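The values are calculated or read from the model by the stated rules, or taken from the named source; none is laboratory data. Here the structure is a predicted model, which means the values were calculated and not measured. We place every Cβ from the backbone using ideal geometry, glycine too, and count neighbours over all the protein chains shown. These area figures cover heavy atoms from the full protein model, side chains too; ligands, DNA and RNA do not enter into them. Shrake-Rupley method; radii C 1.70, N 1.55, O 1.52, S 1.80 Å.
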Amino acid sequence: MPNLVCQPKIRGMPGLLVVDNLAHTYPDGTKALRGVSLTLTRGEIVSVIGLSGAGKSTLLRCINGLVHPTGGSVEFDGQAVGWDAGSLRYLRRKIAMIFQHFNLIGNLSVLSNVLMGRLSYQSCWMQPLYSFSKRDREIAVTALDRVGLLNEWDKRASELSGGQQQRVGVARALAQEPRLLLADEPVSSLDPLTADTVLGHFVKIVRQEGLAALINLHAVELARKYSDRILGVREGRCVWQGPPDDLTTPVLKRIYGEEYDG
Amino acid sequence: MTVEKASGMALHPRVERPYARTANLIKWFVGLSLVAYTALAVVHTEFNPLKLLAGAASAKEILSEIVRPDWSILPLLLKLMNETVEMALIGTLLAILISFPLSFLAAKNLMLGTVAGRVVYAMVRLIFNVLRAFEPMLLALLFVLMVGIGPFPGVLALGLHSVGMLGKLFSESIEAIDPGPVEAIQACGGNRFQVIWYGVLPQVAPTFLAFSIYRWDINIRMSIILGIVGAGGIGYCLLQYLNLLQYSKVSTAFILILIVVTALDSASAWLRTRLGQR
Ligand SMILES: Nc1ncnc2c1ncn2[C@@H]1O[C@H](COP(=O)(O)OP(=O)(O)O)[C@@H](O)[C@H]1O
Ligand SMILES: [Mg+2]
């Protein structure tokens, strides 16, 4: 099956992220991605939907090099991404990630967790000491304030509720001062009401800061509500993309299979 | 599923096990050998409860001295007990210093990625296993011969053996961490050191501390025993009182050891539960 869509660059606006024909085969032979192309412009919020196992996580993880793509290329901010440690470190400074299970360090304080977003800026001799520059600490405090958790700064991260933990995850990502946010099912482990609140808050911040975001979502409703554009992934390929209003039942059947009802 | 299997077995009894007879013979042989060996062991060890009773009667004199501990030697014993605790402390610290960095090299989840990593992993694991196999008592004998009588050989013996023990426990707790935070640190742009220092270390620090305290606790008890082969501390003194038949002094030493070991035991248990709850 050929790639159906390859978003052209929007007039005059260079793509912030240009993914071309990205492919990944896991060492065990699983072809998780079979050539996905997409373009993200500044300030754009794009959701990726699809069945579990469709390759959504692999797509996101290939973009920041947590998984090395076995084919295709990624261009970020006009520069082709190399997969050596040096360029990955720079890339990951500018592309922050938010995880389904938050991936906070439970034993550390909330503020320490947010400071992890400053690791790539931390000077060499401060690294063993768990110490951060005044500027780094100010940025972390601002980020924590941004998600409304400043009062909880010295609690242990594991003491917070799920929704609060994900907000710490968002603050950690913001502390990186990124250009792009990758979110892998950021609200899937939260109850529906909290999920909507947390995602809404996240999207609001992304808009206010003028950032771009690529969000894997489990719930079609949330994708419709919060994104500028939606990408449908099926069996490692991008089978559809368009604005939320075009996401009709036939389209959903194409993404999720004929059994889809909703 | 299980029921089907069971009924299948009943329909074809023993068909799948042509060697059943031989297997049965071997079972009987092994069983009888074990019984015979146990009987032999009873004879060889001269196991005889009656002898114990007779001995107790003749030990009346010893007992009468033992119930009258000699408190005049208490200051000296306290000094030696302190030496024993210090031996254990330095031995344990030495072990922590060596096994802490090594344990990261012996953790599967950090090392199996590359060929070089696998080689280092296998080597460090081997070192831990060898060190653990050497009983502290044997090591102490060796070090007494090398550096002479005193607490220092005891420190070395406890230290080396503990490197093996702590290294194994440390690396196993590293292998049990949640990979999620580690990945988050990578995604934040952390370098290799930061991934270990911020992603792994905070997860294992409480366990490391608990294991270390526990090891110190064990080493205190062990260093008393090590004194008997000449490795300093209260154990060495105890041996001399025994040789000189000064049972009231032996008794004082016993009481002191009992009190100190029990106190430190509960202190370490308390500390470890505190760590667990944190
Ligand atoms: N580490 C891995 N090793 C082998 N196969 C994997 C691994 N991670 C994911 N896969 C497989 O790759 C495919 C895509 O997975 P994933 O990207 O996690 O999908 P999604 O996030 O859409 O649920 C699935 O078939 C999955 O089983
Ligand atoms: Mg996934």
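Between B:Ala176 and B:Lys27, the distance separating the two model label sites (each 7 Å from Cα on the Cα→Cβ line) works out to 3.6 nm. Going by accessible surface with a 1.4 Å probe and the largest first, B:Glu86, B:Glu65 read B:Glu86, B:Glu65.
Only helices enter the 222 nm calculation for the protein assembly as shown: every DSSP H run of n ≥ 4 contributes -39,500 (n - 2.57), and dividing by all residues gives -18500 deg cm²/dmol, rounded to 500.
Take the protein assembly as shown with all the other protein chains still there, run a 1.4 Å probe, and you get 52 Å² of accessible area per residue.
Averaging the Cα positions of each part gives two centres, and for the range A:160-186 and the range B:95-119 these lie 31 Å apart.
Remark on A:Leu190: its backbone amide H falls under 5 Å from none of the residues 5 or more positions apart or on other chains, H modelled at 1.01 Å from N. Per residue, the Cα convex hull of the range A:124-262 amounts to 150 Å³. Amide H contacts of A:His24 (H built 1.01 Å from N, in plane; Pro and chain starts excluded): A:Ala32, A:Leu33, A:Arg34, A:Gly35, A:Thr70 sit under 5 Å, all sequence-distant by 5 or more or on other chains.
Can you work out the FRET efficiency for the pair B:Leu89 and B:Leu242, with r the C-beta to C-beta distance and R0 = 25 Å, to the nearest 0.05?
Using R0 = 25 Å, I get an efficiency of 0.45.
For A:Gly43, the residues 5 or more places off, or on other chains, whose built amide H falls under 5 Å of its own are A:Ala212. Across the accessible surface of the protein assembly as shown, with the other protein chains kept in place and a 1.4 Å probe, carbon and sulfur atoms take up 64 percent. Between 0 and 90 degrees, the angle of helix A:134-146 with respect to the longest Cα principal axis of chain A falls at about 60 degrees. The HN-Hα couplings worked out from phi for the range B:216-222 by the Karplus form 6.51 cos²θ - 1.76 cosθ + 1.60 (θ = phi - 60°) are 4, 4, 4, 5, 4, 5, 5 Hz, whole numbers, x standing for Gly and Pro. With one equal scatterer per alpha carbon and no solvent term, the Debye-computed log10 I(q)/I(0) for the range B:119-166 at 0.23, 0.26, 0.31, 0.33 1/Å reads -0.73, -0.84, -1.02, -1.09. Put simply, the convex hull of the Cα atoms in the range A:103-177 casts, on average, a shadow of 4.5 nm². For the set B:Lys168/B:Lys249; A:Lys94/A:Lys225; A:Lys31/B:Lys108; A:Lys56/A:Lys94; A:Lys225/B:Lys108; A:Lys134/A:Lys155, the pairs lying more than 32 angstrom apart at their alpha carbons are B:Lys168/B:Lys249; A:Lys225/B:Lys108.
Each chain gives up part of its surface: A and B jointly bury about 2000 Å² of accessible area, both sides summed, for a 1.4 Å probe. Compared with the direct C-alpha span, the chain from B:Leu142 to B:Phe254 gains 37.7 nm at full extension, assuming 0.36 nm per residue. Its residue count N fixes a reference of 2.2 N^0.38 Å for chain A, and the Cα radius of gyration divided by that reference is 1.00.
Using a probe of 1.4 Å on the protein chains alone, the accessible area found for B:Glu135 is around 100 Å².
Under a Gaussian network description of chain B, with springs only between Cα atoms under 10 Å, the residue in B:Gly227, B:Gly117, B:Gly159 that fluctuates furthest is B:Gly117. Here the calculated FRET efficiency for B:Ala36 and B:Thr114, from their Cβ-Cβ distance with R0 = 51 Å, stands at 0.45, rounded to the nearest 0.05.
Computed FRET efficiency, Cβ-Cβ of B:Val67 and B:Ile225, R0 30 Å: what is it to the nearest 0.05?
Rounded to the nearest 0.05, the efficiency is 0.75.
Percent of alpha carbon pairs in the range A:20-102 separated by more than 16 Å? Everything past 16 Å amounts to 54 percent.
When Rg and Dmax are taken over the Cα atoms of the protein assembly as shown, they come to 33.0, 107 Å.
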